[in-house]
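Before any comments, here is the structure.
The values are calculated or read from the model by the stated rules, or taken from the named source; none is laboratory data. In this text the structure is predicted, and so the values were computed from the model without any measurement. A quick note on method: Cβ atoms are made from the backbone with ideal geometry, for glycine too, and the neighbour counts reach across all protein chains shown.
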Amino acid sequence: MRSSRVDLSGYSLFVPLLSVNVDHVCTLRQARKGDEPDPVLAAAQAERGGADGITVHLREDRRHIQDADVARLKKHVSTRLHLEMAATKEMVRFAIATQPATAMLVPERRQELTTEGGLDAAGQIPWLTEVVSMLTGAGIPVSLFIDADRKQIDAARKVGAAICELHTGPWAHAVHAQSGALLGKQSDHQLDALHVAARHARELGLQLNAGHALNVANVGPVARLPQLHELHIGHSIVSRSIFVGMQEAVREIKAAMLEDQK
């Protein structure tokens, strides 16, 4: 799939695709170990709101998404299902059996609340080469979630990944530290780093994705990275959906991706 052409508020342009991560729908469900809220229903509502794909992270400790959730989502998602996963033999076997649209390799520590940084691809080249080979051999394109760092992008290419997803957490945290101001010394530095990394990834022939800690207030500058293919956003959309519903939360973030692009 290519970035989509949309018509919104009187203007039309190319914008990145949006894949909505529904993990935290299951975070709420697992608080009671019950049946609701249902991630499959959330995914369907996200697609009705304009999501171009659905993302889930099946963690080794199964703290939110469960194996059965992925199976049901694979059956019912009408767009594309992306699977975030640790680079372990168990997860590789699961991905090959599930056949997601992409397998997204991410770092994972059991004690972390959320993913805290990009994958150290440069420090795991032999193992990641083997993991990527197994997944691509099964027909699954592989994405690496990495920091905006040249050596990590080089490593992504070296291990055979087709996609690099730039970690946008440092950008989001810089904006937050500036009381929400998009312009400032800290945010300018982080946005420059994203642009440099994006350029290098494209020069190496990697598809360019991005995500982490993005919301309606900070997504605009990231969405304008040249040749950005897809954004993966979850927590802020699920949080907003509590108040306005999933469809409207997705519509709001897609509108924010277009801000200042008239």
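For region 205-223, the condition of being touching a Cys at 6+ places or on another chain (Cβ under 8 Å), modelled with pLDDT of 95 or more and among the hydrophobic types (A, V, I, L, M, F, W, C) holds for at least one residue. Scanning region 217-242 for residues that are over 18 Å from residue 144 (Cβ atoms), part of a loop (DSSP other than H, G, I, E, B) and of a type outside the set (Gly, Ala, Ser) yields 218, 224, 226. Considering region 237-255, the residues that are small (Gly, Ala, Ser) and surrounded by 18 or more Cβ atoms within 10 Å (Cβ to Cβ) include one that is farthest from residue 37 (Cα to Cα), namely 249. Does region 226-249 contain any residue that is over 23 Å from residue 55 (Cβ atoms) and of a type in the set (Ser, Thr, Tyr)? Looking through region 226-249, none of the residues is over 23 Å from residue 55 (Cβ atoms) and of a type in the set (Ser, Thr, Tyr). In region 143-201, what residues are touching a residue at least 12 places away in the same chain (Cβ under 8 Å) and charged (D, E, K, R)? Scanning region 143-201 gives 147, 149, 150, 151, 154, 157, 158, 165, 199. Of the residues making up region 78-93, those that are over 10 Å from residue 131 (Cβ atoms) and either surrounded by fewer than 23 Cβ atoms within 10 Å (Cβ to Cβ) or more than 18 Å from the chain's Cα centre (by Cα) (or both) are 78, 79, 80, 81, 90, 93. For beta carbons closer than 8 Å, sequence separation of 6+ or different chains, a first residue in region 35-63 that is farther than 13 Å from residue 82 by Cβ and a second that is at pLDDT below 95 and assigned to a loop (DSSP other than H, G, I, E, B), the qualifying pairs are 59/108; 60/108; 60/110; 61/110.
If you filter region 185-236 down to residues that are of a type in the set (D, E, K, R) and within 21 Å of residue 103 (Cα to Cα), you find that the one that is surrounded by the fewest Cβ atoms within 10 Å (Cβ to Cβ) is 202. Selection of region 154-168 for residues being closer than 9 Å to residue 206 by Cα and surrounded by 24 or more Cβ atoms within 10 Å (Cβ to Cβ) yields 156, 161, 164. Against the numbered list (1) farther than 25 Å from residue 234 by Cα; (2) in contact (Cβ under 8 Å) with a residue 40 or more places away in the chain, residue 122 comes up short only at (2). Taken over region 185-216, the residue count meeting the criterion of being under 24 Å from residue 255 (Cβ atoms) and either assigned to a helix (DSSP H, G or I) or out of contact with any Ser or Thr (no Cβ under 9 Å at 6 or more places or on another chain) (or both) is 7.
Scanning region 94-108 for residues that are touching a Ser or Thr at 6+ places or on another chain (Cβ under 9 Å) and of a type outside the set (Gly, Ala, Ser), which turns out surrounded by the most Cβ atoms within 10 Å (Cβ to Cβ)? Restricting to residues being touching a Ser or Thr at 6+ places or on another chain (Cβ under 9 Å) and of a type outside the set (Gly, Ala, Ser), the top hit is 105.
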